[in-house]
Every structure is written in C-alpha cells, then in structure tokens.
1. Compute the acute angle (0 to 90°) between the alpha-carbon long axis of helix 81-96 and the principal axis of greatest extent of the alpha-carbon atoms of the chain; round to the nearest 10°.
2. Residue by residue through region 10-27, which ³J(HN,Hα) values in whole Hz follow from phi under the Karplus form 6.51 cos²θ - 1.76 cosθ + 1.60 (θ = phi - 60°), with glycine and proline marked x?
3. Less than 10 Å Cβ to Cβ from Q110, Lys/Arg counted +1 and Asp/Glu -1: what total charge do the surrounding residues give?
4. Taking the Cα-to-Cβ direction at T48 and at A127 and moving 7 Å from each Cα, how far apart do the two end points lie in nm?
5. Could you tell me the relative contact order of the chain? Use alpha-carbon pairs under 8 Å, at least six residues apart, and round to a whole percent.
6. May I ask you to give the percent of accessible area on region 43-111 that is carbon plus sulfur, with a probe radius of 1.4 Å?
7. Among (i) 15.1; (ii) 14.6; (iii) 16.4, which one is Kirkwood radius over Cα pairs in Å computed from these coordinates?
8. If you count only protein heavy atoms with a 1.4 Å probe, what accessible area per residue comes out for the chain, rounded to a whole Å²?
Amino acid sequence: MSSHHSIFIHPGHPVDALVGDVALACGGRLRPAVNGPADYILGLSDATLELETEHEYEEDKGVPFERYEVVLTVRNSDGDMEREEVIARQIFHELAVLRRYWLILVFDLQAVIDTAAPPGQRTFPPAGDR
C-alpha cells in the first residue's frame, strides 16, 4: 500500500452535516462509494478523496486516532506526494476555518502535520465522545 495523507475528523455532531462541509472544502460533490472501505468518494483532476464515516485505527505514537470518527484520505493520481500534501493541507484549512471540528492532518499515519479544534477546546476530542 502506498503512502498517503489523511485528515482525521471528529464532528462532535451527526456526520451528515460533515459530509456537506467536506464537499465544500474539496470543491466538489461526494458520491456514495460502490466498492472498498470508503463511504464517499470524490475524484479531482489530480487526486482521489475517500471519506470513511468510521474506521478501525487506534492510538499510535500518542495520537488517539480512535477519538476521530471520520477519516478523509487524499491520494494523488500520479503519486506526487508534494502535490498530494498541498491538496490535503488546503482541505484541512478549509475545514479548520469552520471552527467546528477536531482535525488531525497526518502523513502515512506516522507523522502529524497539523491539528485544529473548535474554539476553547483541547487539541484532541474528549475520550468517549465518539
């Protein structure tokens, strides 16, 4: 499996509203996925975005992935990691400015690139708030 960028998201409320916000942040329309683990998919000119409304990831390297209900995976069509990171950062920023989600942007589930939380909240969502 190739490396990729992911945005882990804790919506703090029903996921349906998040799907609309992700579509706006990505600049496209999410379609229900037909195959694979993703619930929704969006094809951009140079990347594919996969949104899973639940996942099995657990804490690793001090990051409590299990506290984030949703994961958005960004995969560059040409394997260009720099372009993929630019796309992932842009989507992360668009979601962060909404100021209603806990977010973690990671590369290959190994390196945390950035985090965001709603105003006045801790970086990670509270345990058991999934």
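The values are calculated or read from the model by the stated rules, or taken from the named source; none is laboratory data. The structure presented is a predicted model; accordingly, all values stated were derived computationally and were not measured. Glycine also receives a Cβ, built like all others from the backbone with ideal geometry; neighbour counts cover every protein chain displayed. Just so you know, the surface numbers come from the protein's heavy atoms only, side chains and all, with ligands and any DNA or RNA stripped out. Shrake-Rupley method; radii C 1.70, N 1.55, O 1.52, S 1.80 Å.
1. 40 degrees
2. For region 10-27, the Karplus curve yields 10, x, x, 7, x, 5, 4, 5, 4, 4, x, 5, 5, 4, 5, 5, 8, x Hz.
3. Numbers: positive: K61; negative: D60, D108.
Counting the neighbours of Q110, the net charge comes to -1.
4. Each label point lies 7 Å from its Cα, and together they span 3.7 nm.
5. Numbers: 233 pairs, mean separation 41.2, N = 130.
Answer for the chain is 32 percent.
6. Working: 1450 of 3530 Å².
Roughly 41 percent, rounded to a whole number.
7. Working out Kirkwood radius over Cα pairs in Å from the coordinates points to (ii).
8. Details: 6970 Å² over 130 residues.
On a per-residue basis, 54 Å².
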